[in-house]
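I have placed the structure first, in the form of structure tokens, so that the comments after it can refer back to it.
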Amino acid sequence: MMSSLLLISLAILSIAVVGCMYRLLKGPSISDRIAALDMIGVLLLSMIAIICMLLKTYAYFDIILVIGILTFIGTTAFARYIERGVVIESGDDESDR
Amino acid sequence: MRDILKEVLLLKAEMMSQTGEILIGLVVLIGALISALSAFGLVRLPDVYLRSHAATKSATLGVLFILAGVFLYFAFYLEHVSAKLLLGIVFVFITAPVAGHLNGRAAYRSGVPLWERSVQDDWSVSIKKEREKQ
């Protein structure tokens with residue numbers, strides 16, 4: 001019973017990822033694509049959590065943490081790149097800003 | 001008599017454990033449905049800011065539901081209270097809104113237009129002043 005509920009949830013999440021892929025490919029501005037990528041990362045994280053539950057193992061909890069951190073860092077880097085044109089500011093170069 | 005009582009108790013425990021499993025499955029299913037709703041908003045809403053509102057808030061809620069269901073399942077059924085999973089819940093809860101805010105600010109400052117039927121744009125005034133000062 002529970003495993004069928006979990007499989008239905010996995011199917012629904014896959015449909016959600018397909019919707020995000022549509023916005024990622026079509027999105028008129030770069031920020032649309034970044035929002036879609038961020039959401040794909042978060043959905044991937046929850047899919048891995050459900051797979052952990054289906055397989056009754058806690059070996060993949062590290063992957064949940066790593067994907068969460070990488071999604072946040074990626075979104076931050078992209079947002080800084082759009083806003084300022086650089087990802088890491090050197091501090092002594094005024095023309096970068 | 002005693003055997004019958006024991007059997008009834010065992011049966012009751014099994015029923016309760018099955019009910020708990022179904023409840024946890026329902027929590028996970030609710031999380032998945034909220035995430036699907038948020039993906040629907042990401043596809044259908046008209047401009048970047050509304051789309052990022054849909055993608056940030058409701059996706060965070062859906063993921064929190066799913067991770068809470070997984071945490072409860074591992075705590076009650078496999079006797080493993082996972083600090084890693086708790087850390088993941090807290091991390092997603094903190095960073096997803098921050099990332100959405102950064103993305104929206106970057107979109108505004110790089111000049112992505114608002115929806116033509118938006119009624120208020122407070123930041124345009126102060127940004128214009130800032131640009132005149134430079």
### Query
Among B:Gly20, B:Gly69, B:Gly88, which is the only one that is more than 7 Å from chain A (Cβ to nearest Cβ) and either surrounded by 19 or more Cβ atoms within 10 Å (Cβ to Cβ) or outside any helix (DSSP H, G or I) (or both)?
B:Gly69
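Take the residues in segment B:100-117 that are charged (D, E, K, R) and over 24 Å from B:Leu61 (Cβ atoms); name whichever of them is surrounded by the most Cβ atoms within 10 Å (Cβ to Cβ). It would help to see each step written out before you state the result.
Here is the first cut: in segment B:100-117, the residues charged (D, E, K, R) are B:105, B:109, B:116-117.
Of the ones still in play, those that are also over 24 Å from B:Leu61 (Cβ atoms) are B:109, B:116-117.
Numbers: B:Arg109: 14, B:Glu116: 7, B:Arg117: 7.
Top of the filtered list is B:Arg109.
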### Summary
Subset of segment A:1-39, residues closer than 14 Å to B:Asn103 by Cβ and more than 7 Å from chain B (Cβ to nearest Cβ), comes to A:Leu24, A:Gly27, A:Ile30, A:Arg33, A:Leu37
### Message
I need a count of the residues in segment A:61-75 that are farther than 25 Å from A:Val87 by Cβ and exposed (fewer than 13 other Cβ atoms within 10 Å of the Cβ).
### Response
1
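Tell me the residue from B:Phe93, B:Phe40 that is within 9 Å of chain A (Cβ to nearest Cβ) and either in a helix (DSSP H, G or I) or touching a Cys at 6+ places or on another chain (Cβ under 8 Å) (or both), please.
On the way: B:Phe93 fails: within 9 Å of chain A (Cβ to nearest Cβ).
Residue meeting the stated conditions: B:Phe40.
Taking the conditions exactly as written (surrounded by 20 or more Cβ atoms within 10 Å (Cβ to Cβ), under 17 Å from the mean Cα position of the chain (by Cα) and of a type outside the set (A, V, I, L, M)), does A:Cys20 satisfy them or not? Steps first, answer last, please.
Numbers: surrounded by 20 or more Cβ atoms within 10 Å (Cβ to Cβ): yes; under 17 Å from the mean Cα position of the chain (by Cα): yes; of a type outside the set (A, V, I, L, M): yes.
So A:Cys20 passes the test.
The numbers here are math on the coordinates, done by the rules we state, and not lab data. What you are looking at is a predicted structure, and each value in this text was computed from that prediction instead of being measured. Positions of Cβ are generated from backbone atoms using ideal geometry, with glycine treated the same way; all protein chains shown enter the neighbour counts.
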